[in-house]
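Peer 1: I'd like to ask some things about the structure below.
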Ligand code: ARG
């Protein structure tokens, strides 16, 4: 369905044209003086220069036409509201504007009519997509997010990628694209060699380390996830102090990458144990990947990729390494060449990312790849993207987008740490938040503790996710537990609280014998209802913007405004005790639509609301 601003602009443009001016001057926006009007067109000011006329005179002419003929006509065949002039009238016609005024020095101030808003909301209600227009040409989009590393516990550093990526994936999908979320696990570097080396030190008798062993390897892993999580940091610390240990780990990495049987089998165990744990943790975050690809999956593509780059003259040898130049004349910062293979023939992070693109083109014929990664990796992606375009790994029109996110800081403005100053594990962070939510829920009123635990999980997740997503992704933000878990202000719990409040009114209405129906919405009965309605009518345009700009924070800003508008309306309006049945039905329909819009929005952000709280 068409966006409100487009419908209004269209009418105003028609009016400019009817007065003999270029239609484009009629472009109309949301008013920045809501005390004066709802929508505003400043086109007369620009037209004045071109037509050498007083801006106010132009505005007055246009307003006269708007009053005369702007009408809003019910769309036919379920196509949603459309606008046309009276001469083309085909259905029920209403004035689109309840007020149109030309004001000094030449603004056109507009207020839409209640019949227009009612019609618009009715059409929204009837549309399963709540008036959001899907993209005309759906794309195949890969969202690369999560990026966890095998055998390392998820910590807060992984939180943003998971949260933002999940939302981006959902938004792209909601717009009608074919979207594949890929966790792109780090499973192939030195970290693997380190773990293998440390396991070998501890349990040298295992068959994985016996090169002459030809039998089958045990089905059971020689470590649990908690052991694994202790093994890696131990090994990593040792390698920093002990050069020989590091050498051994490097060697183990090379052997693994060259396919040594025992190491390969051990690596399989590391993967299995680790992935099972990661799935559980991501599950707790309501984050779901469509594919669990790993860096190692890209390895088979590397030899051909490197050979082709050489053959086509893109890659050349420099001090033994194979490199591709990617700098451009307009660069203001030095962009170093992309290293494809090190002098010892080893693959790098760059190599893996390029080979992964080869695979993504082959398996999915991707139109677009969106990388949700720490913004400190921006240079890496600049190099990789340029190299992929230059060497033809992707097509000229394949979109490669880097959504770099900022750091999650503590209240001290430094990267978020545990109270003891260590790296905070994601599990612990989630548990802490849930505990805090549980405490707040129990404190508020008497609830069954089991139910409160479940509710705390949902509300806790909203606190974490909304706290993150309400900031523009590229900015750093402060993870403030007290603020994020508050039921007041711009927080996830406040949004959920609003949804639950609506649900409770609807339930009361149902309990009293009412049925919640669509198709009942009337013109707004008071100012706060109009504010709510106008906010809601922006839904499709907000979602489209969040999609085009890959900006989930726009959805947060929208639902915060909508929730505030709803709560003001609720405080000023006695809904259930309303005696006029038609009015009451209209409000109930409006409430249910508000709920639907809010719940759809939070689903796009990756969390959901409980029934009560
Ligand atoms: N595993 C990487 C890290 O921890 C993040 C992976 C991001 N995705 C990518 N395709 N490089 O830094």
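Peer 1: Please indicate, with yes or no, whether at least one residue in region 125-141 is within 12 Å of the ligand (Cβ to nearest atom), modelled with pLDDT of 95 or more and within 15 Å of the chain's Cα centre (by Cα). Break it down stepwise before answering.
Peer 2: First, pick out the residues of region 125-141 that are within 12 Å of the ligand (Cβ to nearest atom): none.
Checking region 125-141: not a single residue is within 12 Å of the ligand (Cβ to nearest atom), modelled with pLDDT of 95 or more and within 15 Å of the chain's Cα centre (by Cα).
Peer 1: Could you tell me which of the residues 307, 298 is more than 23 Å from residue 208 (Cβ to Cβ) and surrounded by 15 or more Cβ atoms within 10 Å (Cβ to Cβ)?
Peer 2: Criteria check complete, one pass: 298.
Results for (1) without any contact (Cβ under 8 Å) to a residue 24 or more places away in the chain; (2) not in a strand (DSSP E or B), shown as yes or no for each residue.
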site	(1), (2)
343	no, yes
369	no, no
396	yes, yes
413	no, yes
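Peer 1: Which condition number does residue 146 fail, the rest of (1) assigned to a loop (DSSP other than H, G, I, E, B); (2) away from the ligand (no atom under 14 Å from the Cβ); (3) under 23 Å from residue 608 (Cβ atoms); (4) touching a residue at least 60 places away in the same chain (Cβ under 8 Å) being met?
Peer 2: Here residue 146 clears every test but (2).
Peer 1: Taking region 334-350 as the search range and keeping residues that are in contact with a strand residue (DSSP E or B) (Cβ under 6 Å, 6 or more places away or on another chain) and within 18 Å of residue 390 (Cα to Cα), which one is nearest to the ligand (Cβ to nearest atom)?
Peer 2: Of the residues in region 334-350, the ones in contact with a strand residue (DSSP E or B) (Cβ under 6 Å, 6 or more places away or on another chain) are 337-343, 348, 350.
Next, only the ones that are within 18 Å of residue 390 (Cα to Cα) stay: 337-341, 350.
Numbers: 337: 18, 338: 14, 339: 15, 340: 16, 341: 18, 350: 9 Å.
By that ranking, first place goes to 350.
Peer 1: Taking region 33-68, which residues are free of Cβ contacts under 8 Å to residues at least 24 places away in the same chain and more than 16 Å from residue 101 (Cβ to Cβ)?
Peer 2: Within region 33-68, 46, 49, 52, 53 meet the criteria.
Peer 1: Show the residue pairs that are 6+ apart or on different chains and have beta-carbon atoms under 9 Å apart, the first residue being within region 266-287 and on the phi > 0 side of the Ramachandran plot, the second being surrounded by 19 or more Cβ atoms within 10 Å (Cβ to Cβ) and modelled with pLDDT of 95 or more.
Peer 2: Close Cβ pairs (under 9 Å, with a partner that is surrounded by 19 or more Cβ atoms within 10 Å (Cβ to Cβ) and modelled with pLDDT of 95 or more) amount to 286/166; 286/461; 286/465; 286/606; 286/607.
Peer 1: So, of the residues in region 379-417 that are over 30 Å from residue 141 (Cα atoms) and touching a strand residue (DSSP E or B) at 6+ places or on another chain (Cβ under 8 Å), which turns out to be surrounded by the fewest Cβ atoms within 10 Å (Cβ to Cβ)?
Peer 2: 413
Peer 1: While we're on this one: Can you tell me which of (1) closer than 18 Å to residue 461 by Cβ; (2) more than 11 Å from the chain's Cα centre (by Cα); (3) near the ligand (Cβ under 10 Å from one of its atoms) is the one residue 187 doesn't meet?
Peer 2: Only one criterion in (1) closer than 18 Å to residue 461 by Cβ; (2) more than 11 Å from the chain's Cα centre (by Cα); (3) near the ligand (Cβ under 10 Å from one of its atoms) is unmet by residue 187, namely (1).
Peer 1: What single numbered condition from (1) surrounded by 17 or more Cβ atoms within 10 Å (Cβ to Cβ); (2) more than 16 Å from residue 143 (Cα to Cα); (3) within 11 Å of the ligand (Cβ to nearest atom) fails to hold for residue 376?
Peer 2: Of (1) surrounded by 17 or more Cβ atoms within 10 Å (Cβ to Cβ); (2) more than 16 Å from residue 143 (Cα to Cα); (3) within 11 Å of the ligand (Cβ to nearest atom), only one is false for residue 376: (1).
The values are calculated or read from the model by the stated rules, or taken from the named source; none is laboratory data. Everything numeric in this text was worked out from a predicted model, so none of it was measured. Positions of Cβ are backbone-derived with ideal geometry, glycine not excepted, and every protein chain shown enters the neighbour counts.
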